[in-house]
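Right, one structure below, let's go through it.
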Amino acid sequence: MTKAKNTTQNVLPDNTSDNFAIDWFRAASPYINAHRGKTLVLALPGEWLRSDLLPTLTHDLTLLSHLGLRLVVCFGLRAQVEEELARDNKSSEIVAGRRVTDAHALRTIVEAAGTTRTKLESCLSMGLPNTPMAGARLSVSSGNYVTAQPFGVHNGLDFQHTGSIREVHATAITALLDAGHVVLLPPLGHSVTGDVFNVTANELASACAIALKADKLVFLVNELPMSSPQEVLRQASASRLEELMATSVRNDATHANNASNNELESIVPQAIEAVRQGVERVHLLLNEDRNALLCEMFTRDGSGTLITANQWEHIRAATINDVGGIIELIEPLQANGTLVSRSREQLELDIEKFVVSERDGTVVACAAMYPDDQTGEVEIACIATHPAYRGMGRGDELLTHLENTATKQGFTMARLQSTRTGHWFVERGYVESALESLPASRQSSYNSQRNSKIYQKTLRK
Ligand SMILES: CC(C)(COP(=O)(O)OP(=O)(O)OC[C@H]1O[C@@H](n2cnc3c(N)ncnc32)[C@H](O)[C@@H]1OP(=O)(O)O)[C@@H](O)C(=O)NCCC(=O)NCCS
């Protein structure tokens, strides 16, 4: 009896940090599922490859690969090349983020590419018993998968062996990813004339993500963009980020750190180009944060800046001018009993509770949120997408937008009532609850003839 008790204790010790890890693992499981089979392209700056964080990052990449992510790593070499050139008493100019690559610099880059690739391959091969990926086996591949052409002469300056990307051989890379390989790409491109060109790792990562139709493109950066001098930009559409960069609102409020600013200025256009060309999500992560990649992948809020093509772009607070559009949208749903009926007057009174998703000046989806300061809860209501625009994620965006707004305002619970759409909410984390769980005021106004089911979701910061 005593023995059995001890065995149980050994298996599941009552230890706070273990319990925390188990809870974290449970919370991460939906993301593990969602990422399986997805393609991630990572732009890895050269200085990272020399930092103490490299073993952590390579363990994380091995873990992601074993969780089913398809990984392409585009590595840079700037720090290595600068060091080698200095050792040879040479230097080469960098103009607008691009090296002017003479023959000596190209030789140095080609050598550094070989050395660095070998170093990365060996880090990704680690599987010693005392490492996080004990026993893991990973196949890593590299090759001539990028065609480049001369970048040419700009403002009279000949960039010599610097190239721009002409083509990424997506079919060949896809075949390797299908076979479970991690693909490593140095910042080099080959030409049909047999020449080698130096390309930038960021440009390569962006081109590669576009060619592969990657689900994610990740850049490691020294600073994140700021939405105001005090606040890091956590999520933005490509257009919003473009606006912000144009007005130069950055993390460094004093704008003294030119190196960092230049880095963002060269990465952000690549990020914007990628989302505009169909890459679903681009993430900017702080390169000094050893947990940034896993945090971004497996937690709801992530750790960096997420850039998407149009998320939030068309979501805005409703105004009185939207009443007509909202009525047009919800009238058929009120008529068939899916939504509770609201008169125009009621809608006008409640209009500031609504958000709308707009396309070309037309309201194509709407939702409302009624906050209750006394209970710390919000009620979600009247969520609807025009039939022609369903299944494109608009409902999801609206609901997430309302939940994020509620969380930011300190509300801890979202509730709603639904007659027919319960499963849609359950798939988004809501659980059915009893009438008694409603605040007293809502219980007394509950329409028992309508017999809606009640759903709730705990909102977490
Ligand atoms: C529910 C609704 C708002 C979703 O809008 P949307 O913009 O299509 O939302 P999304 O694109 O984010 O989600 C679409 C997914 O939800 C699924 N879905 C739609 N209605 C559903 C329902 N009643 N139950 C379960 N899943 C449902 C779709 O099949 C689709 O699934 P898929 O992604 O696997 O193809 C929209 O279907 C609608 O307007 N319904 C009528 C109004 C309504 O019921 N409102 C809720 C009142 S409580």
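Spatially, segment 98-122 and segment 390-461 are offset by 55 Å when compared through their Cα centroids. The accessible surface of the chain, taken with every protein chain in place and a 1.4 Å probe, is 50 percent carbon and sulfur. Each other residue within a Cβ distance under 14 Å of Leu333 adds +1 if Lys or Arg and -1 if Asp or Glu, for a net charge of +2.
Across segment 434-450, rounded Karplus estimates of 3J(HN,Hα) from the backbone phi angles (6.51 cos²θ - 1.76 cosθ + 1.60, θ = phi - 60°) give 7, 3, 5, 6, 6, x, 3, 5, 6, 5, 5, 9, 4, 8, 6, 5, 5 Hz, Gly and Pro being marked x.
For Ser164, the residues whose amide H sits under 5 Å from its own are Gln149, Phe151, ignoring neighbours fewer than 5 places away on the same chain, with H placed 1.01 Å from N.
Orientation-averaged projection of segment 315-458 equals 8.4 nm² [convex hull of Cα atoms, one quarter of hull surface area].
Computed over every Cα-Cα pair of segment 34-308 and binned at 5 Å starting from 0, the pair-distance distribution P(r) comes out as 1, 6, 13, 17, 19, 18, 14, 9, 4, 1, 0, 0 percent. Ratio of Rg to Rh for the chain: 1.04 [Cα atoms; Kirkwood radius as inverse mean 1/r over pairs]. Counting only DSSP beta bridges with both residues in the chain, the antiparallel share comes to about 60 percent. Eigenvalues of the alpha-carbon gyration tensor of segment 160-202, scaled by 5 and square-rooted, set the equivalent ellipsoid semi-axes at 23, 11, 8 angstrom, largest first. With both partners inside segment 34-308, how many of the DSSP beta bridges are antiparallel, as a percent to the nearest 5? Around 40 percent antiparallel, to the nearest 5.
Taking GluC sites (Glu not before Pro) in DSSP loop states with no more than 15 other Cβ atoms inside 10 Å as exposed sites, the chain has its longest site-free stretch at 289-426.
If you stretched the chain out fully between Cys295 and Gln374, how much longer would it get, using 0.36 nm times the residue separation minus the C-alpha to C-alpha distance?
25.1 nm
Each stretch of four or more DSSP H residues adds -39500 (n - 2.57); spread over every residue of the chain, this sum gives -12000 deg cm²/dmol at 222 nm. Close amide-amide hydrogen proximity is noted between Leu69 and Gly37, each under 5 Å apart and 5 or more residues distant or on a separate chain (H modeled in the peptide plane; Pro and chain starts excluded). Full extension of the segment from Ser122 to Ser266, taken as 0.36 nm per residue of separation minus the current Cα-Cα distance, would add 48.8 nm. Backbone amide hydrogens, once placed in the peptide plane, bring Lys453 within less than 5 Å of Ser418, Thr419, excluding anything fewer than 5 places away on its chain.
The values are calculated or read from the model by the stated rules, or taken from the named source; none is laboratory data. The shown structure was predicted, so the numbers you read here are calculated from the model rather than taken from an experiment. No Cβ is skipped: glycine too gets one built from the backbone with ideal geometry, and neighbour counts run over all protein chains shown. Note: accessible area is taken over every heavy atom of the protein model, side chains too, but ligands, DNA and RNA are not part of it. Shrake-Rupley method; radii C 1.70, N 1.55, O 1.52, S 1.80 Å.
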